[in-house]
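Engineer: For reference, the structure I am asking about is given below.
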Amino acid sequence: MTAPQATPGSETSTAPRTLFEKVWASHAILTREDGTALLWIDRHFVHEGSFHGFGMLEHSGRPLARPDLTIAVADHYVPSHARTEPIRDPEVAGMITTLRRNAERHGVDLLDLDDPRQGIVHVIGPEQGLTLPGLTVVCGDSHTSTHGAFGALAFGIGASEVSHVLATQTLWQRRPKTMRITVDGTLSPHVAGKDVILAIIGRIGAGGAVGHVIEYAGSAIRSLPMEGRLTVCNMSIEAGARAGMIAPDETTFAWVEGRPRAPKSDAFAAAVAAWRRLPTEEGARFDRDVVLDAAEIAPTVTWGTSPETALPVTGVVPDPATATDAAKRARIADQLDYMGLAPGRPLEGIPVDRVFIGSCTNARLPDLRAAAAVLRGQRAVVPGLVVAGSVPVKRAAEAEGLDRVFRDAGLTWGEPGCSMCVGMNGDLVKPGERCAATSNRNFQGRQGPGARTHLMSPAMAAAAALRGAITDVRRVA
Amino acid sequence: MTPFTTLDGLAVALDRSNVDTDQIIPARFLRKPRSAGYQNFLFHDVREAEPDFPLNGRAPAILVADANFGCGSSREGAVYALVDAGIRCVIAPSFGDIFAGNAGKNGLLTVVLAPDLAAALRAQLPASMRVDLPAQQVRFPDGSVHGFAIDAFRKRCLVEGLDDIGLTLAHAGEIAAFQDADRAARPWAMPA
């Protein structure tokens, strides 16, 4: 094996480049012959589940390379209720204590349970202005792809890679391929970022973007507010993508300006000047191009145990008999069996037992507004849990009276965290129960052993709460 | 990390695609320390729900699945569960990117075979087979031999059982030089 070479300066390249290529080139410290690069990491978010990575660092006796670029937050296991009382589960309490100890020992800023900035890691990063265009962002969580909405290269890593970043602030990465997904046209009323990304995953499949970084482009993507773009990039991993990115524009700059940890005054102006050079240039080549028509995207829901089972709410549960081969037939049949659904049944009207509105996918202020707009003045007929993505989101929602709308509808208003998306804090869907969820995964057992999950937008989840069944939000809004 | 060279062992077929890491290890076990051993968490809920699950009553060294194995959550616990249960190699037409990266760091070899070839292999299982990493070849139970591709760096780390943090820190000079140049080029990239 030959020694790795320093990456050639980006100035020497004249071919039109993609957003991804620019961010990659500006972070490659070394590049090996096989294309694997040693990347500089600008932001490393850690959470209480990162204890394996800290343990490996401790075991090696190495110091934490850049505590100033490491940000810790408690989110995955934190209780949704009675936040001021001691955590009853000793294992969970121990994980939070371990995070505190690691943050203190290594001089890392911790957004603890009582911190007014606390929230889900993929909500607080952008909110605090830590996530910026053109950065590399990693976290031991697959939904780190969320941060790509700002034109950052952001991806999830495992515990060993967490320890590598803690020790070196770098990461070896095989250079991914590129895929552009263009959504042109105008989105219909009540069609949100969630419907866009579910439609995309339904089209390309759960493994459709394996080995690729996706750039989302087109007028429908540009028209999305930052929160909608965050939802789209969040679920890139559900199509198998290494990361998802959206070119920064005026919407991005306006959203970032004034955030607590974002550059200020002259530094902000210099940053914006640099960020304007990031978007993909005319004629730049992608390994794969996919095009969707925004006008064809309807409110979308999943019927199975993979996000790729997304269909317009006006559709029907598929019939295994119509599958083209035996493997597909078996896959559909297995999912129908787990989900307790019959082939050919309309998606609309499938009864649900509860509703979950929250998660790093859909727990930002506009998400809560969209759900509240459907629920306002009405009563849900099934129980439901609404969990804001962060303390600032929760406070802003309360200032607008959204918490009253949810409570008056009969839903529970929880404290910020990952909650029922993954059930690590005990917020579980019971075996056999069916949940309308705004989260990102409908995997078997994701929300609890035997739980059945249907993914959808916040407005659609609110409509499901009102009718106790999957409902086309356009009928109730 | 245990070096990986040649492996002869029992292979079993998992005839399904999109096997996500929530199935490989349910979230509630991720709070356990690694020292506890993760083998009993492997496919915990699936094994209970499906009495004829291919891993029930078998202790294979090799698992052969369909496309997109290890998709979903980045939890490295999925790899710990496989490794602690004695599985050293997973063969599939494709893998979740994060899972494949985690596997390489823990001495678990991921072999990518074309979909038809992987299907042909699954049809011959359960049976004993050979995986030869230095030669980049697998020998099916029927005796046929097939090559596979792997990144040179990942192969070297697996064969030699290398600690890649140690390798990276050997480049400390280049990393420091990069930081100096980067501070000048992107002063705005530091948190305010």
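The values are calculated or read from the model by the stated rules, or taken from the named source; none is laboratory data. These figures come from a predicted structure and were not determined experimentally. Neighbour counts run over all protein chains shown; Cβ positions are idealised from the backbone, glycine included. Each accessible area value is taken on the protein alone, full model and side chains, heavy atoms only, with ligands, DNA and RNA left out. Shrake-Rupley method; radii C 1.70, N 1.55, O 1.52, S 1.80 Å.
Engineer: Quick check: is even one residue across the stretch B:48-70 in contact with a strand residue (DSSP E or B) (Cβ under 9 Å, 6 or more places away or on another chain), closer than 18 Å to residue B:155 by Cβ and buried (at least 21 other Cβ atoms within 10 Å of the Cβ)?
Structural biologist: yes
Engineer: Could you give me the residue pairs with C-beta distances under 8 Å whose first residue belongs to the stretch A:327-338 and is more than 10 Å from every other protein chain (Cβ to nearest Cβ) and among the β-branched types (Val, Ile, Thr), whose second residue is assigned to a helix (DSSP H, G or I) and surrounded by 15 or more Cβ atoms within 10 Å (Cβ to Cβ) wherever it lies, and which are 6+ apart or on separate chains?
Structural biologist: A:332/A:320
Engineer: Name every residue in the stretch A:149-177 that is open to solvent by 10 Å² or more (accessible area, probe 1.4 Å) and more than 9 Å from chain B (Cβ to nearest Cβ), in order of residue number.
Structural biologist: Across the stretch A:149-177, the qualifying residues are A:175, A:177.
Engineer: Restricted to the stretch B:131-149, and to residues that are open to solvent by less than 40 Å² (accessible area, probe 1.4 Å) and free of Cβ contacts under 8 Å to residues at least 24 places away in the same chain, which residue is farthest from the other protein chains (Cβ to nearest Cβ)?
Structural biologist: Looking at residues that are open to solvent by less than 40 Å² (accessible area, probe 1.4 Å) and free of Cβ contacts under 8 Å to residues at least 24 places away in the same chain, I get B:144.
Engineer: Is it the case that some residue within the stretch A:141-148 is more than 10 Å from chain B (Cβ to nearest Cβ), within 21 Å of residue B:78 (Cα to Cα) and within 16 Å of the chain's Cα centre (by Cα)?
Structural biologist: Looking through the stretch A:141-148, at least one residue is more than 10 Å from chain B (Cβ to nearest Cβ), within 21 Å of residue B:78 (Cα to Cα) and within 16 Å of the chain's Cα centre (by Cα).
Engineer: Another one. Check off (1) assigned to a helix (DSSP H, G or I); (2) open to solvent by 10 Å² or more (accessible area, probe 1.4 Å); (3) touching a Gly at 6+ places or on another chain (Cβ under 8 Å) for residue A:466 and give me the number that stays unchecked.
Structural biologist: The single condition residue A:466 does not satisfy is (3).
Engineer: Can you tell which of A:244, A:240 is at the interface with chain B (Cβ under 9 Å from one of its Cβ atoms) and either under 29 Å from residue A:196 (Cα atoms) or surrounded by fewer than 22 Cβ atoms within 10 Å (Cβ to Cβ) (or both)?
Structural biologist: Of A:244, A:240, the one residue that is at the interface with chain B (Cβ under 9 Å from one of its Cβ atoms) and either under 29 Å from residue A:196 (Cα atoms) or surrounded by fewer than 22 Cβ atoms within 10 Å (Cβ to Cβ) (or both) is A:240.
Engineer: Filter the stretch B:3-15 down to residues that are out of contact with any helix residue (DSSP H, G or I) (no Cβ under 7 Å at 6 or more places or on another chain) and either within 14 Å of chain A (Cβ to nearest Cβ) or open to solvent by less than 30 Å² (accessible area, probe 1.4 Å) (or both), then give me how many there are.
Structural biologist: Within the stretch B:3-15, the subset out of contact with any helix residue (DSSP H, G or I) (no Cβ under 7 Å at 6 or more places or on another chain) is B:6-12, B:14.
Add one more test, that the residue is either within 14 Å of chain A (Cβ to nearest Cβ) or open to solvent by less than 30 Å² (accessible area, probe 1.4 Å) (or both), and what stays is B:7, B:9, B:11-12, B:14.
Number satisfying all stated conditions: 5.
Engineer: For residue B:115, only one of the following conditions fails: (1) open to solvent by less than 10 Å² (accessible area, probe 1.4 Å); (2) within 11 Å of chain A (Cβ to nearest Cβ); (3) over 18 Å from residue B:23 (Cα atoms). What is its number?
Structural biologist: The number of the failed condition is (1).
Engineer: Please state which one of A:254, A:270 is on the phi < 0 side of the Ramachandran plot and exposed (fewer than 14 other Cβ atoms within 10 Å of the Cβ).
Structural biologist: The unique qualifying residue is A:254.
Engineer: Give me the pairs: first residue in the stretch B:164-183 and within 18 Å of residue A:166 (Cβ to Cβ) and of a type outside the set (Ser, Thr, Tyr), second residue open to solvent by 30 Å² or more (accessible area, probe 1.4 Å) and in a helix (DSSP H, G or I), beta-carbon distance under 9 Å, and six or more apart or on different chains, which are they?
Structural biologist: B:164/B:105; B:165/A:56; B:165/A:60; B:166/A:60; B:175/B:169
Engineer: Which pairs do you get when a residue that is touching a residue at least 24 places away in the same chain (Cβ under 8 Å), found in the stretch A:450-477, comes within reach of a residue that is part of a helix (DSSP H, G or I) and basic (Lys, Arg), reach meaning Cβ atoms under 6 angstrom, with the pair 6+ apart or on two chains?
Structural biologist: So the pair list comes out as A:457/A:194.
Engineer: Then there's this: List every residue pair whose Cβ atoms lie under 8 Å apart, where the two residues are 6 or more positions apart in sequence or sit on different chains, the first residue falls within the stretch B:76-101 and is in contact (Cβ under 8 Å) with a residue 40 or more places away in the chain and among the acidic types (Asp, Glu), and the second residue, located anywhere, is open to solvent by 10 Å² or more (accessible area, probe 1.4 Å) and assigned to a loop (DSSP other than H, G, I, E, B).
Structural biologist: These pairs meet every condition: B:84/B:37.
Engineer: In the stretch B:150-166, which residues are open to solvent by less than 40 Å² (accessible area, probe 1.4 Å) and either closer than 19 Å to residue A:66 by Cβ or not in a helix (DSSP H, G or I) (or both)?
Structural biologist: B:150, B:151, B:161, B:164, B:165, B:166
Engineer: Would you please list the contacts, defined by Cβ atoms under 6 Å and residues six or more apart or on different chains, that run from a residue in the stretch A:66-92 that is crowded, with 20+ Cβ neighbours inside 10 Å to a residue that is among the aromatic types (Phe, Trp, Tyr) and part of a strand (DSSP E or B)?
Structural biologist: If the second residue must be among the aromatic types (Phe, Trp, Tyr) and part of a strand (DSSP E or B), the pairs left are A:71/A:45.
Engineer: Give the stretch A:14-59 a look and list any residue that's more than 8 Å from chain B (Cβ to nearest Cβ), in a helix (DSSP H, G or I) and not aromatic (Phe, Trp, Tyr), or say none.
Structural biologist: A:19, A:21, A:22, A:23, A:25, A:48, A:50, A:53, A:56, A:57, A:58, A:59
Engineer: To continue, here is another question. Kindly check whether there is at least one residue in the stretch A:60-82 that is modelled with pLDDT under 95, of a type in the set (A, V, I, L, M, F, W, C) and not in a loop (DSSP other than H, G, I, E, B).
Structural biologist: The answer is no, given that none of the residues of the stretch A:60-82 is modelled with pLDDT under 95, of a type in the set (A, V, I, L, M, F, W, C) and not in a loop (DSSP other than H, G, I, E, B).
Engineer: Next question. Determine whether the stretch A:101-108 contains at least one residue that is under 16 Å from residue A:417 (Cα atoms) and not in a loop (DSSP other than H, G, I, E, B).
Structural biologist: no
Engineer: Separate question: Please go through the stretch A:393-411 and give me each residue that is part of a loop (DSSP other than H, G, I, E, B) and open to solvent by less than 60 Å² (accessible area, probe 1.4 Å), ordered by number.
Structural biologist: A:401, A:409, A:410, A:411
Engineer: Follow-up question, since we're still on this one. For residue A:186, indicate whether it is part of a strand (DSSP E or B) and either outside the structural domain of residue A:280 (by TED's automatic domain parsing) or not hydrophobic (A, V, I, L, M, F, W, C) (or both).
Structural biologist: No: the conditions fail for residue A:186.
Engineer: Name the single residue that is farthest from the other protein chains (Cβ to nearest Cβ) among those in the stretch A:412-450 being open to solvent by 10 Å² or more (accessible area, probe 1.4 Å) and basic (Lys, Arg).
Structural biologist: A:434
Engineer: Residue A:273: within 12 Å of another protein chain (Cβ to nearest Cβ) and in a loop (DSSP other than H, G, I, E, B), yes or no?
Structural biologist: The answer is no for residue A:273.
Engineer: Give the residues of the stretch A:310-367 that are touching a strand residue (DSSP E or B) at 6+ places or on another chain (Cβ under 7 Å), within 21 Å of residue A:384 (Cα to Cα), open to solvent by 30 Å² or more (accessible area, probe 1.4 Å) and not in a loop (DSSP other than H, G, I, E, B), sorted by residue number.
Structural biologist: A:351, A:354
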